[in-house]
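So the structure is just underneath, and the comments pick up after that.
The values are calculated or read from the model by the stated rules, or taken from the named source; none is laboratory data. Here the structure is a predicted model, which is why all the values come from computation and not from measurement. A quick note on method: Cβ atoms are made from the backbone with ideal geometry, for glycine too, and the neighbour counts reach across all protein chains shown. These area figures cover heavy atoms from the full protein model, side chains too; ligands, DNA and RNA do not enter into them. Shrake-Rupley method; radii C 1.70, N 1.55, O 1.52, S 1.80 Å.
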Amino acid sequence: MKPAPFEYHAPETIADAVGLLAQHGDDAKPLAGGQSLVPLLSLRLTRFDHLVDLNKIGALSGISRDNGHVVIGAMTRHRAVELDPSIATSVPMLAAAMPWIGHFQIRNRGTIGGSIAHADPAAELPAVAAALDAELEITSKSGVRRVAAADFFQGTFMTAIDTGELLTAARFPVWGKGSGFAFTEFARRSGDFAIAGVGVGLEATGGKITRAAIAFMGMGPVPVRATDAEKALLGVSIASLDAAAVARVAVGATDPTGDVHASAANRTKIATHLAEQALTRAASNAAANA
Amino acid sequence: MAQAHVPMADKHRDRAPLFEGTAARFVGQKVLRKEDPRLVTGHGQYVDDIVLPGMVHAAFLRSNVAKGRITKLDTSPALALDGVIAVYTHADLRYVPGTIVATMMQAMGGAACPENLLATDDVRFVGDCIAVVVAESRYIAEDALELIDLVVVAETPVVNLEEALTDTHIVHKELGTNITGTIDIPRDPHIEGLLTESAHVVTATFNQARQTNSPMETRGIVASWDRFRGELQLHMSNQNPHEMRRRAADLLAVDESKVHVAQQDVGGGFGQKMFMPREEAVIVLLSREVGRPLKWIEDRRENLMASNHARRDRATVTFALDADKKIVAGYVDINEDAGAYPFGGAGAGAMAGMLLQGPYKLQRTAFKSYAVFTNTCGRAAYRGPWQFESVIREQMVEHVARRIGIDPVELRRRNVIQWEDLPWTTPMQVMVYDNMSPAETLDQAVEMIGYEAFRAEQKRAFEEEGRLLGIGFSLYIEPSAQNMGALATEGATVQISGTGKVDVFMGTGSHGQSIETTMAQIVAEELGVHVDDVEVHQGDSNTPFGGGTGGSRTASIVSGAGRAAAIQVRQKVFQIAAHLLEANPDDLEIDSSVISVKGTPAGKTVTLAQVSHTALYATEGLPPGMETGLEATARHRQEAVTWSNACHVCTVEINRNTGAVSFARYIVSEDCGLMINPMVVEGQVAGGVVQGIAGVLYEDFRYDADGNPLTTTFMDYLLPTAAEVPIIEHGHIETPSNTPGGYKGMGEGGAIGAPPCVFNAVADALWLLGVEVFDHPLGPNEILDALATAG
């Protein structure tokens, strides 16, 4: 279980990193926290002639505010986000999702950008990014572009990042007063990739829902937004929300496949239950935040 | 945490008193493990820590199809890679047939399957070894594997028991059939009558899921051949250094005295490392060809898919009960999946069949058992290799209870063997139970769990809240410390140094059993020294011959040898001390290494160090004619197996939305005779219980229809972690066995009792909805499927 040979690069600036990525094209892969990439390399399920280690690029780490968004540098460790008290109030769904990511040892090393760029359909951060309509900041030699989460996740392990490009930050919008969030998932063991999971955000004004976001993970090749259910929620009284009924509609947007841990039908059953739980909790959090 | 401790009567009152002339201080105490300071701080020394000058590394090319013909195998591109030293295939191995077969199995008729160390002209499971690369590093070796030009034409594999039985496709063409190890004890007319005409006759079929041993340390070996001495030095992760020495000597056709096997720490085995596996045999053979120290470390994927599997069993069982609900006859038809290349014997069906009655007064049994080869990873022993008997019986007892409408505890109480029934001869007249307490452990477990109160809460929670709580029991006996062949014997050498410190040499292969602690307790007790003054040296073939660490044999057999050697040394200590003190040896006692005359607290004393100094350095001071030194070697021969027994009970709740099972309580009432170290006993119980929980709820090695393994990493093959398992509560009953120390083997019991206990608790919860289940595993997917069948 040893990786195929590769050349190791450790640039110290974003410019040098994207320069290397441009130079080596598809033969190069950025190395962030290594929590997914290194096992894949060791199992020889993937191989690259060049690894561009981002760990020496200080500019890629950090949490800041910009124009109604929380901007998280791609190399910011999960644990740093989890332990940052401002995230719990500015992007509560993200804060709620963090403890579900692997084990704390993994969160100490794993990065926000690494997880989003890896685009595992059963991972938490892609689902949160999709739910919140996060923007992903992608840098290349020719500049910086922003891609909406809806366009970023294109398939299992596939994203809008092109050859020579690097994910440099994720921008999460800050919701207003009257918003409430929840994130939950079901895994066979503590810290495992989930069989299914869901993030829910609700915002209400005068007791009526004005904004709704529901995103599932593990329920398709990419995070799945339940747009029909979201639309149906608009204008509904948050106090009398029928979470079970909404959950049934929401899960209709998903198209899961089965694996050794759960059939597609049982995934759907579990996801429906999780959605109901998350909707109830998000509604209660929103009411408390009114 | 609840604790209960009940001593039972000693049926062997003529036993020599324990610890004569010493103060009992260490045996029976929770002595802290001597192994722990290094192990829990991460400073154990495992085989991959061995680095020898000039060492080179091996990697195996393995099949990625379950069955197929090799039409091309060109290793020259690999050989051309920089850093590659050699590439070997089957044709290059100078293998002498029969030399890999476990010594114990040679006496029992030889190998169950062909001895293809590397594939000959075909491959027989995914993971089958085809070639081996030797290179300057493991990285280069794995790069080279990719360069080997291999073409395999896939054939239809045999993936499961049912397919294997039809013999439509054959795993081993040399054998012509997939069926092996058939034992048929037919039903005589009397049993036949009982099984058809009794008041209650119930039949059910149960399946157990495929599980693998998953030791923390995978297998590994460093083989170093010294061509000038003509000697082989083996560092090897194993349970059985003397067996490894014998196999390596036979493989290389050298004298056993030319092979030395040594290991430091071994990170678990559970049966996987008891005998010589194929890969290690290849490394031994090649060590002489390569001429440099050769290392192979199994990686985790190899360990999961190609080391050994176990537990894939199916049984159809029939119980007949009379009008009083006494079980009067039982019959079981057992099928075991042996995989392609089982080692250490194809299966354990015979033992499972013979133990069907377990702790019950079931007078008439018969069984049929056969193993089948499949194109899957080979079977080998896994902690409690024949535990299927308890799975079948204990699941059946509760199934029968549900079907005929009797409480499962009451059904057990009507049938369980009582103290006054002992000794009790099993239906097939081959085993005699004695010194056991199944009825007492059942009572203790029932009391500890609060059975009646739980049933009331279960009813209330279901009726008022729709919650699914369940309770499950399992009651079993464990034949441990076998009394046959090499397994019946162990030796120990006890030596006292000139400074009064004690060295003990034993032939064991500890891989987590706390042998360095428990055996030191035994010797310390007999010698009257502090346990810290005793060092146990083991895991080395330069020790008295032993049958290896496995089969729950150390506590009673190895301790018997250690105790006997210590007693001999103590007697000599007293003779020398008597000479120095001018006293009678019979009047002496020793405590904390100080020898004194009994009953004279202020009298003259002499220390053990003074005595040993006299024996080794001041030999003129010895009694006239006495041999110098303080050392003795003794052997123990096990006359009869010991019978441990236990009752497990657990309570669970099923989440109806996710299918998840959570534990409320888990209780084990165990009788393993007198306990050397209750903390070690509880640790052994707990470890086994976790593996048993895993077999029902988490671990499930899966193949697809083409024989491709689907669970080859710990992401998919789920070992439970501390977060998934309950706190285990222990009850102890101590019925001394008829061995010198009164101990019984107990290392496997947790893994035997837990699977049916957990299964029964889940089945009990599902029965609230009228749903029945019969098969392991019971992961969330299976539970949701079962819940979907509820009306």
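Across peptide B:720-728, what mean number of C-beta atoms from other chains lies inside 10 Å of a residue's C-beta?
Details: counts 3, 5, 1, 4, 3, 0, 0, 0, 0.
Neighbouring Cβ atoms belonging to other protein chains average 2 per residue here.
Cβ neighbours within 10 Å, averaged per peptide: list A:55-67, B:661-673 in order, most packed at the top. Provide the component values of the computation, followed by the final result.
Values: A:55-67: 14.6, B:661-673: 24.3.
Order by mean packing, descending: B:661-673, A:55-67.
Please get the size of the charge dipole for segment A:7-53, origin at its Cα centre, with Cβ charges of +1 on Lys and Arg and -1 on Asp and Glu, quoted in debye to the nearest 20. Write out the running numbers ahead of the final one.
Numbers: 3 positive and 7 negative charges, 54 e Å.
With Lys and Arg at +1 and Asp and Glu at -1, about 260 debye.
Taking each pair of distinct Cα atoms in the protein assembly as shown once, what is the resulting Kirkwood hydrodynamic radius in Å?
Working: mean 1/r = 0.0311 Å⁻¹.
The answer is 32.1 Å.
Accessible area per residue for segment B:484-637 in Å², computed with a 1.4 Å probe and the full protein assembly in place, what is it? Write down the numbers at each step before the final one.
On the way: 5760 Å² over 154 residues.
Ligands and nucleic acids excluded, the figure is 37 Å² per residue.
Evaluate the relative contact order of chain B (contact order divided by residue number), counting alpha-carbon pairs under 8 angstrom at least 6 apart; express in whole percent. Before the final figure, lay out the partial values.
Values: 1967 pairs, mean separation 133.2, N = 791.
Relative contact order of chain B: 17 percent.
Compute the length gained on full extension between B:HIS190 and B:LEU39: take 0.36 nm times their separation in residues and subtract their Cα-Cα distance, giving the result in nm to one decimal. Don't skip to the answer; put the middle values down first.
Values: separation 151, 0.36 × 151 = 54.36 nm, distance 5.68 nm.
Length gained between B:HIS190 and B:LEU39: 48.7 nm.
Pull up the cross-link candidates among the lysines for A:LYS29, meaning alpha carbon to alpha carbon under 25 Å and not fewer than 8 places away within one chain.
Once the sequence-local lysines are set aside, what remains near A:LYS29 is A:LYS2, A:LYS56, A:LYS141.
Under a point spin-label approximation (7 Å from Cα along Cα-to-Cβ), what is the B:ASN584-B:TYR617 distance to one decimal in nm?
Calculated label separation equals 3.3 nm.
I'd like to compare B:618-631, B:570-583: which one has the highest average count of other Cβ atoms within 10 Å, and what's the full order after that? Could you put the intermediate results ahead of the total?
Working: B:618-631: 13.1, B:570-583: 19.7.
Listed from highest to lowest mean packing, they are B:570-583, B:618-631.
Along the charge dipole of the protein assembly as shown, Cβ charges K/R +1 and D/E -1, which of A:MET1, B:ASN335, B:GLY54 sits furthest on the positive end?
Of the listed residues, the answer is A:MET1.
Over the Cα atoms of segment A:1-135, what is the Rg over Rh ratio if Rh follows Kirkwood? Intermediate results must be reported in sequence, preceding the final value.
Numbers: Rg = 15.3 Å, Rh = 15.7 Å.
With Rg and the Kirkwood Rh in hand, the quotient comes to 0.98.
Pop out the carbon and sulfur fraction of the accessible area of the protein assembly as shown as a percent, whole number, probe 1.4 Å. It would help to have the intermediate numbers written out before the result.
Numbers: 20560 of 39580 Å².
Carbon and sulfur together cover 52 percent of it.
Counting only other chains, and only Cβ atoms inside 10 Å, what mean value do you get across the residues of A:186-193?
Numbers: counts 6, 4, 12, 9, 5, 2, 5, 2.
What the average comes to for A:186-193 is 6.
Sum up the charges of everything whose Cβ sits under 13 Å from the Cβ of B:LEU194, counting Lys and Arg as +1 and Asp and Glu as -1, but leave B:LEU194 out.
Values: positive: B:ARG187, B:LYS326, B:ARG364; negative: B:ASP188, B:GLU192, B:GLU197, B:ASP322.
So the environment of B:LEU194 carries a net charge of -1.
Let me know the charge dipole size of segment A:58-173 about its Cα centre in debye, to the nearest 20, where only the beta-carbon of Lys, Arg (+1) and Asp, Glu (-1) is charged. Let's see the in-between values first.
Values: 9 positive and 11 negative charges, 63 e Å.
The calculated dipole for segment A:58-173 is roughly 300 debye.
In percent, what relative contact order does chain A have, based on Cα pairs under 8 Å that are 6 or more apart in sequence? Walk me through the numbers before you get to the answer.
Numbers: 688 pairs, mean separation 46.9, N = 290.
Dividing the mean separation by the residue count of chain A yields 16 percent.
In µm²/s, what is D for chain B at 4 °C and 1.567 mPa s, where D = kT/(6 pi eta Rh) by Stokes-Einstein and Rh is the Kirkwood radius from Cα pairs?
Values: Rh = 27.9 Å.
Result for D is 46 µm²/s.
Excluding ligands, DNA and RNA, what is the solvent-accessible area per residue of segment A:7-53 at a probe of 1.4 Å, expressed in Å²? Provide the component values of the computation, followed by the final result.
Values: 2240 Å² over 47 residues.
About 48 Å² of surface per residue is accessible.
How far apart, in nanometres, would the label points at B:VAL430 and B:GLU155 be if each is projected 7 angstrom from Cα along the Cα-to-Cβ direction?
With each label placed 7 Å out from Cα toward Cβ, I get 3.4 nm.
Using a cut-off of under 17 Å, list every residue of segment A:255-290 whose amide N is near the label point 7 Å from the Cα of A:ALA244 along the Cα-to-beta-carbon line.
Flagged as within label range: A:269-281.
Provide a list, ordered by number, of residues in segment B:770-791 showing at least 30 Å² less accessible area with every protein chain present than when their chain is taken on its own, using a 1.4 Å probe.
Residues shielded by partner chains are B:PRO780, B:ASN781, B:LEU784.
What lysines could a cross-link reach from B:LYS572, if we take a straight Cα to Cα line under 24 Å and drop same-chain neighbours fewer than 8 places away?
Those lysines meeting the cut-off are B:LYS501, B:LYS598, B:LYS604.
Quick one: Karplus J couplings for segment B:772-785, per residue in order, coefficients 6.51, -1.76, 1.60, θ = phi - 60°, nearest Hz, x for Gly and Pro?
So the Karplus estimates, Gly and Pro as x, are 10, 10, 10, 10, 8, x, 10, x, x, 5, 5, 5, 5, 4 Hz.
Tell me which of B:TYR476, B:GLN239, B:VAL573 sits at the most positive position along the dipole axis of chain B, charges placed on C-beta atoms (Lys, Arg +1; Asp, Glu -1).
Of the candidates, B:VAL573 comes out farthest on the positive side.
Where the only charges are on Cβ atoms (+1 Lys, Arg; -1 Asp, Glu), what is the dipole of segment B:398-520 about its Cα centre, to the nearest 20 debye? Working shown, then result.
Values: 10 positive and 18 negative charges, 56 e Å.
In total the dipole reaches around 280 debye.
Can you give me the long-range amide H partners of B:GLN387? Hydrogens built in the peptide plane at 1.01 Å from N, cutoff under 5 Å, separation of 5 or more residues or another chain.
none
Just going by the charge dipole of the protein assembly as shown, with Lys and Arg at +1 and Asp and Glu at -1 on Cβ, which of B:VAL529, B:LEU165, A:SER142 is farthest out on the positive end?
Most positive-ward Cα: A:SER142.
Name the residues of segment A:1-33 whose accessible area falls by at least 20 Å² when all protein chains are present instead of the chain alone, probe 1.4 Å?
A:MET1, A:LYS2, A:PRO3, A:PRO5
Go ahead and estimate [θ] at 222 nm for chain A from helices alone: -39,500 (n - 2.57) per DSSP H run with n ≥ 4, summed, over the residue count, rounded to 500. Before the final figure, lay out each step's value.
Numbers: 12 runs with 101 residues, N = 290.
Using -39500 (n - 2.57) per qualifying helix, the result is -9500 deg cm²/dmol.
In deg cm²/dmol and to the nearest 500, what is the mean residue ellipticity at 222 nm of chain B if only DSSP H runs of at least 4 residues count, each as -39500 (n - 2.57), divided by the residue total? Working shown, then result.
Details: 19 runs with 211 residues, N = 791.
Calculated from helices alone, the mean residue ellipticity at 222 nm is -8000 deg cm²/dmol.
Just want to confirm a number: the relative contact order over segment A:152-222, from Cα pairs under 8 angstrom separated by 6+ residues, in percent.
Details: 91 pairs, mean separation 18.2, N = 71.
Normalised by residue count, the contact order of segment A:152-222 is 26 percent.
Can you tell me which of A:LEU94, A:LEU132, A:LEU37 moves the most in a GNM of chain A? Springs connect C-alpha atoms under 10 Å apart.
A:LEU37
Given a Förster distance of 60 Å, report the FRET efficiency between A:THR46 and B:ASP407 from their Cβ-Cβ distance, rounded to the nearest 0.05.
Values: r = 57 Å, r/R0 = 0.95.
Calculated transfer efficiency: 0.60.
Tally Lys/Arg at +1 and Asp/Glu at -1 over every other residue whose Cβ is under 14 Å from the Cβ of B:THR177; what's the total?
Working: positive: B:LYS173; negative: B:GLU163, B:ASP167, B:GLU174.
So the environment of B:THR177 carries a net charge of -2.
Interface A/B, total buried accessible area with a 1.4 Å probe, nearest 100 Å²? Display every interim value, and only then the final one.
On the way: alone 12960 and 29060 Å², together 39580 Å².
Separately minus together, A and B give about 2400 Å² buried.
Near B:LYS744, which lysines are there with a Cα under 23 Å away, not counting those fewer than 8 places off in the same chain?
Hits, sequence-local ones excluded: B:LYS11, B:LYS30, B:LYS34, B:LYS273, B:LYS361.
Compare each residue of segment A:216-264 in its chain alone against the assembly with all protein chains, and report those whose accessible area goes down by 30 Å² or more; 1.4 Å probe, heavy atoms.
A:VAL260, A:HIS261
Using per-residue counts of other Cβ atoms within 10 Å, averaged over each peptide, order B:243-251, B:81-89 from highest down.
Values: B:243-251: 24.4, B:81-89: 17.6.
With the highest mean Cβ count within 10 Å placed first, the list reads B:243-251, B:81-89.
Spelling out what I want: for every residue of segment B:327-338, take phi, set θ = phi - 60°, compute 6.51 cos²θ - 1.76 cosθ + 1.60 (Karplus), and round to whole Hz; glycine and proline get x.
Per residue, the Karplus-derived 3J(HN,Hα) values read 6, 10, 7, x, 9, 9, 10, 10, 10, 10, 8, 8 Hz.
Over segment B:267-339, average the accessible area per residue using a 1.4 Å probe and give it in Å², no decimals.
With the other protein chains kept in place, segment B:267-339 gives 20 Å² per residue.
Please list 3J(HN,Hα) in residue order for segment B:591-601, calculated via the Karplus relation 6.51 cos²θ - 1.76 cosθ + 1.60 where θ = phi - 60°; whole Hz, with x for glycine and proline.
8, 6, 6, 10, 9, 9, 7, 3, x, 10, x
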